[in-house]
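Asker: Let me give you the structure first, and then I'll get to my questions.
The values are calculated or read from the model by the stated rules, or taken from the named source; none is laboratory data. Just so it is clear, the model here is predicted, and its values are computed rather than measured. Positions of Cβ are backbone-derived with ideal geometry, glycine not excepted, and every protein chain shown enters the neighbour counts. Note: accessible area is taken over every heavy atom of the protein model, side chains too, but ligands, DNA and RNA are not part of it. Shrake-Rupley method; radii C 1.70, N 1.55, O 1.52, S 1.80 Å.
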Amino acid sequence: MNRALPVLSLLFLLLVWEGVVRGLAIPPYVLPTPSLVLLTLWSSFGSLAVSWWFTLKISFGALGLACLGGVAIACVFALSRPLEAALLPLAVMLQVTPLVAIAPLILIYVESTTAALLTCAWVIAFFPILSNTLAGLRAVDPNLADLFRLYRATRWQRLRLLLVPGALPYFLAGLRISSGLSLIGAVTAEMVAGVAGRETGLASRILEASFRSETPKMFAALVLLVLTGVLVYSGFNALSRIALWQLYGERPKENH
Amino acid sequence: MNTRPAVVLDDVSKTFDSGLQALASVSLQAASGEFLTLLGPSGCGKSSVLKLIAGLDTPTTGSVISPATQAPGEAATAFVFQDPTLMPWANVFDNIALPLRLAGASREMMRARIAPVLATVGLTEFAGSHPAQLSGGMRMRVSLARALVTQPRVLLMDEPFAALDEITRARLNQDLLAWWIERQLTVVFVTHSVYEAVFLSQRVLVMGARPGRILEEVEITAPYPRATTFRTSLEFQQACARLTAALDRAQAGAPA
């Protein structure tokens, strides 16, 4: 029943939307009905799919790089408190600056548009992974660490048998947040870039449609984005639940 | 019983970097095969003594002779904490296998060594369970099994049963004595329970706080094996009274 509730409420909202637009005879270039949006999505799926694929590539690419970068920086910080003290504020500054404000700069400095988009998405996606993984590495039970020392564990054993499994739940929580952020980053950066050319993403489709007042198409691209975001998030949610279940032998609490 | 000392602390003091003096001029010996208990109020440095014996800490002055400080690679010392200190991501078998794995044992060797220990602590059917699926008493049994699996000569226990309910605690006391006799272990046991100290030990050192030091020594001469009827005997009550009085004297000088 709880699973059905969000679907039911969404369907209800769509019905109200459809009814209001039809009842008040609002023109489609102001507000299209959900059914028209769906039709538009269907008819222009060919061109939208190519852009959708591009956006997916950018956001997954950025997410992958965010994992590598976030985990690597977290490991360095965990090994050295002074380095953390010196560099974490920089990471925080990068995190709190709105992406739209730095994206134009990145676009100037990074020549390839694809690389610039990747960089933008990375900038907002790496921080949750960094801070969560660092928290996980720091949260190691000190008694357990003592036990590893008592039994003369090597650095490698400590990493593999203590730090990695201990930090994994934290990393996965960061990954879930970053999966959504990387998509947001990819779209935002493309909006700012206003990319035109051979390879462009969903943001360009939305901009294009807005220039031409093709409101239904804007909505269609938006629907595709929302669906992608929801799918990506739930995908990573399920993935981390399964991983934690395998690791801890119990169903972990939901969305902790 | 052999009287060769297994553990010797000679005029040991310990001052932390913060300037806090944890131990002042502590000298003690534990004979090989002895059951020695350190009893005292919290903050009296009982745990610091155990860490020094385990080689997890070094004294500021004085010397510590124990298997862990003399022959560190041998895993002749085991440590049991107040918390079971298990790896939540690993099942019972893998938790118990930890010291063997860190020493580079093969899977067959682990199996051969773990099966009898699992039987000893009565957890044979739970080898595949994760800590979260076990009760507090069972988790402590896993912790004890992990300590016993390396066949240590010295077993250091830091208030291991303090967090358990009375019934579980009494049973584990009984089991611990049986393992101690069977395996001819040297046990250094830390507790703040007078009853537990009397029931288990051959000799009790009463410690005082600020700075931690040994104030009195009380011998418990009752023969082993000690049955539960020992708990209601006159001898037990007299020993408890003697220890309680010593503990009162230890606390008399210190602010409450």
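Asker: Considering amide H positions built from the backbone, and no H for Pro or chain starts, which residues 5 or more places from B:MET207, or on another chain, come under 5 Å of its amide H?
Answerer: For B:MET207, the qualifying residues are B:LEU39, B:GLY40, B:LEU215.
Asker: Would you check the accessible area of A:VAL226, probe 1.4 Å, heavy atoms only, in square angstrom rounded to 10?
Answerer: Counting only protein heavy atoms, A:VAL226 exposes about 90 Å² to solvent.
Asker: While we're on this one: Kindly tabulate the residues in segment A:125-157 with an accessible-area decrease of at least 50 Å² between the chain alone and the assembly of all protein chains, using a probe of 1.4 Å.
Answerer: A:ASN143, A:LEU144, A:ASP146, A:LEU147, A:LEU150, A:TYR151, A:ARG152
Asker: Sticking with this one: Give me the percent relative contact order of chain B, please, defined on Cα pairs under 8 angstrom at least 6 residues apart. Each step should come with its number before you reach the end.
Answerer: On the way: 478 pairs, mean separation 65.4, N = 256.
The value is 26 percent.
Asker: While we're on this one: Mind listing the phi-derived Karplus ³J(HN,Hα) values for segment A:86-96, rounded to whole Hz, using 6.51, -1.76 and 1.60 with θ = phi - 60°, and x for any glycine or proline?
Answerer: These are the phi-based 3J(HN,Hα) values: 6, 10, 4, x, 4, 4, 5, 4, 4, 6, 7 Hz.
Asker: With Cβ to Cβ distances under 15 Å as the rule, what net charge do the other residues near A:PRO32 carry (K, R +1; D, E -1)? Intermediate values should be presented prior to the final figure.
Answerer: Values: positive: A:ARG22, A:ARG212, A:LYS217; negative: A:GLU18, A:GLU214.
Local net charge: +1.
Asker: Can you work out ³J(HN,Hα) from phi for every residue in segment B:109-119, in order, using Karplus 6.51 cos²θ - 1.76 cosθ + 1.60 and θ = phi - 60°, giving whole Hz and x for Gly and Pro?
Answerer: 5, 4, 4, 4, 7, 7, 3, x, 5, 4, 5
Asker: How high is the relative contact order of segment B:82-151, given as a whole-number percent (alpha carbon pairs under 8 Å, six or more residues apart)? Before the final figure, lay out each step's value.
Answerer: On the way: 72 pairs, mean separation 36.1, N = 70.
So the answer I get is 52 percent.
Asker: Next question. Top to bottom by accessible area (1.4 Å), largest first, where do B:THR244, B:THR37, A:THR188 land?
Answerer: Numbers: B:THR244 60, B:THR37 0, A:THR188 35 Å².
So, going from the largest accessible area down, we get B:THR244, A:THR188, B:THR37.
Asker: If you don't mind, another one. Leaving out ligands, DNA and RNA, what percent of the accessible area of segment A:114-256 is carbon and sulfur, probe 1.4 Å? Numbers along the way, then the final one.
Answerer: Working: 4250 of 6620 Å².
The computed percentage sits at 64.
Asker: Can you give the helix-only mean residue ellipticity at 222 nm for the protein assembly as shown, where every DSSP H stretch with n ≥ 4 adds -39500 (n - 2.57) and the sum goes over all residues, rounded to the nearest 500 deg cm²/dmol?
Answerer: Working: 19 runs with 300 residues, N = 512.
The helix-only estimate for the protein assembly as shown comes to -19500 deg cm²/dmol at 222 nm.
Asker: How would B:THR232, B:THR61 rank on accessible area, largest to smallest, probe 1.4 Å?
Answerer: Values: B:THR232 105, B:THR61 70 Å².
Descending accessible area places them as B:THR232, B:THR61.
Asker: Also, quick follow-up: If one takes the accessible area of chain A alone plus chain B alone and subtracts that of the pair, with a 1.4 Å probe, what total in Å², rounded to the nearest 100, results?
Answerer: 2200 Å²
Asker: Can you check what the net charge comes to around B:LEU38, using other residues whose Cβ is under 15 Å from the Cβ of B:LEU38 (Lys, Arg +1; Asp, Glu -1)?
Answerer: Working: positive: B:LYS14, B:LYS46, B:LYS51, B:ARG203, B:ARG213; negative: B:GLU34, B:ASP158, B:GLU159, B:GLU196, B:GLU216, B:GLU217, B:GLU219.
Taking every other residue near B:LEU38 into account, the sum is -2.
Asker: For segment A:136-229, report the accessible area per residue in Å² (1.4 Å probe, heavy atoms, rounded to an integer).
Answerer: On the way: 4170 Å² over 94 residues.
Result: 44 Å² of accessible area for each residue.
Asker: Now for a separate question. Can you send over the solvent-accessible area of A:VAL192, 1.4 Å probe, protein chains only, in Å² to the nearest 10?
Answerer: Counting only protein heavy atoms, the figure is 50 Å².
Asker: Per residue, how large is the accessible surface of segment B:82-151? Use a 1.4 angstrom probe and give square angstrom. Each step should come with its number before you reach the end.
Answerer: Working: 2690 Å² over 70 residues.
About 38 Å² of surface per residue is accessible.
Asker: Once you put a point 7 Å from the Cα of A:THR114 and another 7 Å from the Cα of A:LEU39, both along the Cβ direction, what distance in nm separates them?
Answerer: Between A:THR114 and A:LEU39, the label points sit 3.8 nm apart.
Asker: Under a Cβ-only charge scheme (Lys and Arg +1, Asp and Glu -1), can you give me the dipole magnitude of segment A:53-248 about the Cα centre, in debye to the nearest 20? Numbers along the way, then the final one.
Answerer: Details: 14 positive and 8 negative charges, 117 e Å.
Charge dipole, segment A:53-248, about its Cα centre: 560 debye, nearest 20.
Asker: Would you kindly find the accessible area of A:TYR29, with a 1.4 Å probe and non-protein molecules such as ligands, DNA and RNA excluded, rounding to the nearest 10 Å²?
Answerer: 150 Å²
Asker: Still on this structure: Buried by at least 50 Å² relative to the chain on its own: which residues of segment B:39-65 qualify, computing accessible area with a 1.4 Å probe on protein heavy atoms?
Answerer: B:LEU56
Asker: At a threshold of 8 angstrom on Cα-Cα distance, excluding pairs fewer than six apart, so keeping six or more, what relative contact order does chain A reach in percent?
Answerer: Details: 279 pairs, mean separation 67.3, N = 256.
Reported as a whole number, the value is 26 percent.
Asker: Could I ask something else about it? Cα centroids of segment B:158-191 and segment B:42-63: how far apart, whole angstrom?
Answerer: Cα centroid to Cα centroid, the span is 21 Å.
Asker: A further question on this structure: Taking all protein chains in place and a 1.4 Å probe, what share, in percent, of the accessible surface of segment B:137-209 do carbon and sulfur account for?
Answerer: The value for segment B:137-209 is 48 percent carbon and sulfur by accessible area.
Asker: Using a cut-off of 19 Å between alpha-carbon atoms, which aspartates and glutamates can reach B:LYS51, once sequence neighbours fewer than 8 places away in the same chain are excluded?
Answerer: Answer for B:LYS51, where 19 Å is the Cα cut-off: A:ASP141, A:ASP146, B:ASP10, B:ASP11, B:ASP17, B:GLU34, B:GLU74, B:ASP83, B:ASP158, B:GLU159, listed by chain and number.
Asker: Separate question: Where in segment B:90-130 does accessible area fall by at least 10 Å² between the isolated chain and the complete protein assembly, at a 1.4 Å probe radius?
Answerer: By number: B:LEU98, B:PRO99, B:ARG101, B:LEU102, B:HIS130.
Asker: Quick check: pseudo-label points 7 Å beyond the Cα along Cα→Cβ at A:VAL92 and A:LEU79, how many nm apart are they?
Answerer: Once both label points are built, they end up 2.4 nm from each other.
Asker: Probe radius 1.4 Å, ligands and nucleic acids left out: which of B:GLU219, B:GLU159, B:GLU108 has the largest accessible area, and how do the rest follow? Show your work: numbers first, answer last.
Answerer: On the way: B:GLU219 100, B:GLU159 30, B:GLU108 125 Å².
Per-residue accessible area, sorted high to low, gives B:GLU108, B:GLU219, B:GLU159.
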